[in-house]
Structures are given as C-alpha cells and as structure tokens.
Amino acid sequence: MTKYNELLAGANKDKKRVGRGIAAGGGKTAGRGTKGQGARTGKKLGATFQGGQRTLVRAVPKARGFKRLRTPAQVVYLDTLNDFKGKTVDNATLFEQGYISTPFHTVKVITRGELTAALTVKVAGASKSSQEAIAKAGGVFEKTAVPLRKSTKEAEASDK
C-alpha cells in the first residue's frame, strides 16, 4: 500500500472540461442545470445583478468629486492662547485644556483677536499673521512634527 507522502499526485488539479459528451461526465447541460437565464450562452451576469430588479449600484446616487484623504488641521485661535501666559503651548497642553480633540493630530494657529501674553508655541503650523503676532507679543513660534501615538506595547512598558 502506498503511503500518503509517497503519492504522485500534483498540487494543481486541471480544470474540468465540460460539454464534451455524456461519457466525459460533464456533458449535455455542462453543469448549468436545465433552462433558465444561467443556462443560456452569452449571458454574463454581473456581480451587482439582482434578477432584473434595479441594481443597488444604480439606485444609490453618485457621489460627485473626490474624497480627500488628508484630514484638515485642528484650528486654535490666537486670542485663546492668552490663557497660557508664560507657558509653552504644544499639542499636549492644548489637549489638556480642551482646545483640541486629540494630541496626535496636526494643529494650526490662526489669527483672531490679539495676543498679549509672551509664550512659546510648538505646533505643526501657524499662519504668517499669527507668527508675526506671537513675535510681536515677545513669544517664539517653533514648527514641530505631530507627536505619534505610542503603540500599546510601548505604553505598557512605560507604565511599569
């Protein structure tokens, strides 16, 4: 008796050739059944075909334009930075105070109102007018990269 590991069977099986006569095993209807739309030649049914009913693809309205993959920056206004008098403003401090929803996101400072406090601003971006206003108030603007989220393994290791 031959052993399973000594079989001479190939890994790939040849495709069954249908419609080659009754003796071949796949003759007459060739696996299509009898009558009906699927039995006819030349009729290719698409993946979205629903038996003559209006397809879901046609029923759903077309979305015009294209989707932007880049998420817009979170905006922080210049006059809100007066609360951080003499401190360093970065993503973490803005998140703690509730000005941004997550510290792991691009933050941009935009001019609105006046800045009276001298402070160091370390965020991803700021408009030219807000950079000038920060410098005029005696502060410093530093463009920094967005902080990355720690992996769960790193977070667990730092907690220990």
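The values are calculated or read from the model by the stated rules, or taken from the named source; none is laboratory data. Treat the numbers as computed from the prediction; the structure is a model and nothing was measured. Neighbour counts are summed over all protein chains in view; Cβ atoms, including those assigned to glycine, are modelled from backbone coordinates with ideal geometry. Just the protein is used for accessible areas: all its heavy atoms, side chains included, with ligands, DNA and RNA removed. Shrake-Rupley method; radii C 1.70, N 1.55, O 1.52, S 1.80 Å.
Filter segment 143-160 for residues that are among the aliphatic types (A, V, I, L, M) and in a helix (DSSP H, G or I); which is most open to solvent (accessible area, probe 1.4 Å)? Write out each step before concluding.
Step one: of segment 143-160, the residues among the aliphatic types (A, V, I, L, M) are 145-146, 148, 155, 157.
Among the residues that remain, those that are also in a helix (DSSP H, G or I) are: 155, 157.
On the way: Ala155: 35, Ala157: 66 Å².
My answer is Ala157.
Does Val140 satisfy the criteria of being more than 28 Å from the chain's Cα centre (by Cα), of a type in the set (Val, Ile, Thr) and either open to solvent by less than 50 Å² (accessible area, probe 1.4 Å) or at pLDDT 90 or above (or both)? Answer is yes for this residue. Only residues that are under 47 Å from the mean Cα position of the chain (by Cα), closer than 30 Å to Thr41 by Cβ and open to solvent by 90 Å² or more (accessible area, probe 1.4 Å) were counted across segment 1-31, and they come to 6. Quick check on segment 23-45. Is at least one of its residues modelled with pLDDT under 85, on the phi < 0 side of the Ramachandran plot and hydroxyl-bearing (Ser, Thr, Tyr)? Within segment 23-45 (the criterion being modelled with pLDDT under 85, on the phi < 0 side of the Ramachandran plot and hydroxyl-bearing (Ser, Thr, Tyr)), the answer is yes, since at least one residue qualifies. Taking the criterion of being within 44 Å of the chain's Cα centre (by Cα) and either open to solvent by 80 Å² or more (accessible area, probe 1.4 Å) or of a type in the set (A, V, I, L, M, F, W, C) (or both), the residues of segment 32-49 that qualify are Arg32, Gln37, Ala39, Arg40, Thr41, Lys43, Lys44, Leu45, Ala47, Phe49.
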